[in-house]
1. Considering (1) buried (at least 23 other Cβ atoms within 10 Å of the Cβ); (2) free of Cβ contacts under 8 Å to residues at least 60 places away in the same chain, say which one residue 368 fails and leave the rest.
2. Inspect segment 163-185 for any residue being in contact with a strand residue (DSSP E or B) (Cβ under 7 Å, 6 or more places away or on another chain) and basic (Lys, Arg) and give the result as yes or no.
3. Quick test of your reading of the structure: residue 148 fulfils all but one of (1) away from the ligand (no atom under 16 Å from the Cβ); (2) over 25 Å from residue 312 (Cβ atoms); (3) not β-branched (Val, Ile, Thr). Name the failing condition by number.
4. Name every residue in segment 96-115 that is within 10 Å of the ligand (Cβ to nearest atom), part of a helix (DSSP H, G or I) and surrounded by 23 or more Cβ atoms within 10 Å (Cβ to Cβ), in order of residue number.
5. Residues 384, 423: which one is touching a residue at least 24 places away in the same chain (Cβ under 8 Å), touching a strand residue (DSSP E or B) at 6+ places or on another chain (Cβ under 8 Å) and over 27 Å from residue 178 (Cα atoms)?
6. Considering only segment 279-317, how many residues are of a type in the set (Ser, Thr, Tyr), away from the ligand (no atom under 16 Å from the Cβ) and within 22 Å of residue 100 (Cβ to Cβ)?
7. When residues of segment 176-208 are filtered for being in contact (Cβ under 8 Å) with a residue 40 or more places away in the chain, assigned to a loop (DSSP other than H, G, I, E, B) and either buried (at least 23 other Cβ atoms within 10 Å of the Cβ) or within 15 Å of the ligand (Cβ to nearest atom) (or both), how many remain?
Amino acid sequence: MTERDDAALFGNRFLTTPAPSERFPEEGMGATDAMRLLDVDLAMEGDPQRNLATFVTTWMEPEAQRIIAENLHRNFIDHAEYPISAEIERRCVRMLADLFNAPGRTTGCRTQGSSEAIMLGGLSLKWKWRERRKAAGLSTDRPNLVFGGDVHVVWEKFCRYFDVEPRIVPLAEGKYTIGPEDVAPRLDERTIGVVAVLGTTFTGHKDDVVGIDELLRDVREKRDLDIPIHVDGASGAFVWPFLYPDSKWDFRLEQVRSINVSGHKYGLVYPGIGWLVFREESDLSMDLVFYENYLGKTDATFTLNFSTGASMVLAQYYNFVRLGRQGYTYVMRMMQENARVLAGNLRDGGRFEVIGDDAEQLPLVAFRLTGEQDYDESDVAWQLSAERGWMVPAYTLPPDAQAVKIMRALVKETLSREQIDRLSEDIADACRTLDAKGATHAVERAQVKHGTGY
Ligand SMILES: *Cc1c(COP(=O)(O)O)cnc(C)c1O
């Protein structure tokens, strides 16, 4: 028998040879070998259960997983072939419009995530502004967009990709969101819109959307400038309606014209699914909608991508009907309750201060070291990960609050009270280790930049 025969008989030759990685493989391998090769590689990754860094869903119940697995072969964009999947997307958009208190008939779409939704929403702001300017016989060059330093990096990306001047409100120590007083001096006739964040990636708070709406209504009346608000609710738009139903941030406010939300964050679906919802049909520029019929039926599309799986749309609908307002409220409250316990434990431990848990906030804990020690939050993050595998990021806040370094733990539905207590203990242990041996490596510190907010 040759070595090859042995491998065929006894399986996994990758125990002794490196995995293909540079060249397109000349030969293939057995299905079992290919599967094991991947399994073994992936086993070296972080454990999603202990990943308290990501906002993205890491667990769905078995029935939802079955829906996803059974529909992986369905291309969402084939509306003519899969009209039911298309209808299910429409249902989700209508339900979200209802959840966000849209006044009447509206429109929207599924996207790959909030990033695609933001690109599309931003484009619509730009196109609508151009329409208004053209109608008034005014120039359409040098558009600008106003937002705070507390936004996700995607907004700067949008501005660069689509040639819009970003007007960014700097943060400051102790000031991690923005309000009307920040926005007012940055507005002019070339402002295509104002972005307000609901649930920032940095501390989980919301910009003062009520105040910004008031300001923009005033500007509309006094200066005849109709400047819309786009709410980036990537995380918050699936949290606020359930935890803070009386707090206004959505279409109850007149200038709020579009909202994005990530289905794969607090919508509780696996990646990638996001949503863009307009206040009214007229808030979407019709110039951005394309009509094509080569899949067998005339179809209107407003997307950056074309082909994509239908599974996550179906999974989103599954969650909507499975949970309803009642179920989402239950899950959000459970996470909030556990986040409060974690915050309490950290405070009681005497080493940390908790940031802003007295305000409306995502179910997370943002915290930083108090007192004097010769290590910082990055060292704690590193030590905690080395000792126990918990992934809790440390990062500096955006300018001009870059002197502030914090840690942030997302409290997801899979993090039970038992684990909260264990995590609290593990954080205290990591600090005790650092007390004894001092700071870890400067290299790790340098790697932890503020871009961990995904
Ligand atoms: C996560 C996030 C985004 C990007 O969303 P994706 O769904 O990951 O594309 C944008 N804005 C905010 C506030 C976010 O939290």
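The values are calculated or read from the model by the stated rules, or taken from the named source; none is laboratory data. None of the values given here were measured: they were computed from a predicted structure. Reconstructed Cβ throughout: ideal geometry from the backbone, glycine too, with neighbour counts over all protein chains shown.
1. (1)
2. yes
3. (1)
4. First, pick out the residues of segment 96-115 that are within 10 Å of the ligand (Cβ to nearest atom): 111-115.
Restricting the remaining residues to those that are part of a helix (DSSP H, G or I) gives 114-115.
Across segment 96-115, the qualifying residue is only 114.
5. On the way: 384 fails: touching a strand residue (DSSP E or B) at 6+ places or on another chain (Cβ under 8 Å).
Criteria check complete, one pass: 423.
6. We begin by selecting, within segment 279-317, every residue of a type in the set (Ser, Thr, Tyr); these are 282, 285, 291, 294, 298, 301, 303, 307-308, 311, 317.
Adding the requirement that they be away from the ligand (no atom under 16 Å from the Cβ) leaves 282, 285, 291, 294, 298, 301, 307, 311, 317.
Within this subset, residues satisfying the condition of being within 22 Å of residue 100 (Cβ to Cβ) are 282, 285, 317.
Residues in segment 279-317 being of a type in the set (Ser, Thr, Tyr), away from the ligand (no atom under 16 Å from the Cβ) and within 22 Å of residue 100 (Cβ to Cβ): 3 in total.
7. Just the residues of segment 176-208 that are in contact (Cβ under 8 Å) with a residue 40 or more places away in the chain, to begin with: 176, 186-207.
Filter once more, so that each one left must be assigned to a loop (DSSP other than H, G, I, E, B): 176, 187-190, 199-205, 207.
From what's left, either buried (at least 23 other Cβ atoms within 10 Å of the Cβ) or within 15 Å of the ligand (Cβ to nearest atom) (or both): 176, 199-205, 207.
Result for segment 176-208: 9.
Quick grid of which residues meet (1) at pLDDT below 95; (2) not in a loop (DSSP other than H, G, I, E, B):
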| site | (1), (2) |
| --- | --- |
| 359 | no, no |
| 379 | no, yes |
| 414 | yes, no |
| 427 | no, yes |
| 433 | no, yes |
